[in-house]
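Take a look at the structure below.
The values are calculated or read from the model by the stated rules, or taken from the named source; none is laboratory data. Note that the structure is predicted; figures quoted are calculated from it, not measured. With ideal geometry, Cβ positions are generated from the backbone for all residues, glycine too; neighbour counts draw on all protein chains shown. The accessibility values were calculated without ligands, DNA or RNA, using every heavy atom of the protein model including side chains. Shrake-Rupley method; radii C 1.70, N 1.55, O 1.52, S 1.80 Å.
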Amino acid sequence: MNDAVERIAAWANDAEHGVAFTGAGISTESGIPDFRGPDGFWKRNDASKFTIQNYVRDPEHRKERWRMAAQGSSFMHAKAEPNAGHIALARLEELGVIRGVITQNVDGLHQDAGSVNVLELHGTSKKVGCLSCGERWPNTVVLERVQAGEDDPHCTYCGGILKSATISFGQQLPPDVVAEAERWSVEADFFLVVGSSLVVSPANAFPGVAKRMGAKLAIVNREPTDLDGMFDEVVLADAGPTLTELVQLVERVRT
């Protein structure tokens, strides 16, 4: 593995427009289960119930979702802390190796670790938004209302339905975020994937975009993916130790 990480570090040090792309696998070391692993979220839950249509039309479903969130039994109320992988990517941004992070995650741990430029393709669990007027609040503000007795909180401005600012099945990804992620991918000369199974569209297309434009591609993941063949380097390992080693190698050159 060391030889592989050294090659990735060399590409990182040569990069002028590096990009990191992360999935749920980078947060498992913080205690947040992934979605498609052996004990993933979708192994334990019926995905068909988590559509935006079901959420809007079924008040009882909304009440159950808010009850789970208020009791701390959903990702929305997770008290996880950034791990070494998040911290390493923040350091790579600080060093100028990457311009920022494109993430499929909604946990906000990249920002907590110090990353400044983060494109959240699937939204964020740190905020709650109104589906009618678009007003947003920190999730803690709305969860306090639920804990105080509101079982289906609505917008205090327009009366609209409130929902975690994450993207549900059937809900459009934010077009501006997707467009910016595509621009980063087109301009990238180094593209590092961490902790993603690369099965969710359209996010899984971004590494291929970067590859076609001539970027060096590397992936750090616990398990192989169906797209490993297009990568210039594949490291099957935990993100934290691997990225920490990568940062140490980069720092020898950049500091």
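Listing for the model above:
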read-out: Potential lengthening between residue 205 and residue 248 on full extension [0.36 nm per residue; Cα-Cα distance subtracted]; value: 12.5 nm
read-out: Spatial separation of Cα centroids for region 88-158 and region 159-185, in angstrom; value: 12
read-out: Positive-end extreme of charge dipole, the chain - chosen from 235, 219, 24 (charges on Cβ); value: 24
read-out: Residue order for 247, 234 - accessible surface, 1.4 angstrom probe, largest first; value: 234, 247
read-out: Full-extension gain in nm, residue 135 to residue 179, via 0.36 nm per residue minus C-alpha separation; value: 13.6 nm
read-out: Solvent exposure ordering (accessible area, 1.4 Å, most first) of 227, 249; value: 227, 249
read-out: Estimated vicinal HN-Hα couplings, Hz - region 160-168 in sequence order (Karplus 6.51, -1.76, 1.60; Gly, Pro = x); value: x, 6, 9, 8, 3, 7, 9, 8, 8
read-out: Relative contact order %, region 111-193, counting alpha carbon pairs below 8 Å whose residues are six or more apart; value: 34
read-out: Cα gyration tensor shape of region 182-255, rounded if a/c is under 1.5, else prolate or oblate by comparing a/b with b/c; value: oblate
read-out: Phi to ³J(HN,Hα) by Karplus 6.51 cos²θ - 1.76 cosθ + 1.60 over region 236-248, Hz, x for Gly, Pro; value: 8, 6, 5, 5, x, x, 5, 5, 4, 5, 4, 4, 4
read-out: Inter-centroid distance (Cα atoms) of region 206-224 relative to region 1-31, Å; value: 10
read-out: Ranked order, 252, 99, 136 - accessible area, probe 1.4 Å, largest first; value: 252, 136, 99
read-out: Accessible area (Å², 1.4 Å probe, nearest 10) - residue 150; value: 70
read-out: From phi via Karplus (6.51, -1.76, 1.60), per-residue ³J(HN,Hα) for region 130-135 in Hz, x at Gly/Pro; value: 8, 6, 9, 9, x, 4
read-out: Per residue accessible area of region 85-210, 1.4 Å probe, in Å²; value: 39
read-out: Apportionment of accessible area to carbon and sulfur, the chain, percent (1.4 Å); value: 50
read-out: For the chain, calculated [θ]222 nm from helices alone, where every DSSP H run of n ≥ 4 adds -39500 (n - 2.57); value: -11000 deg cm²/dmol
read-out: DSSP beta bridge pairing in the chain, given as percent antiparallel to the nearest 5; value: 25
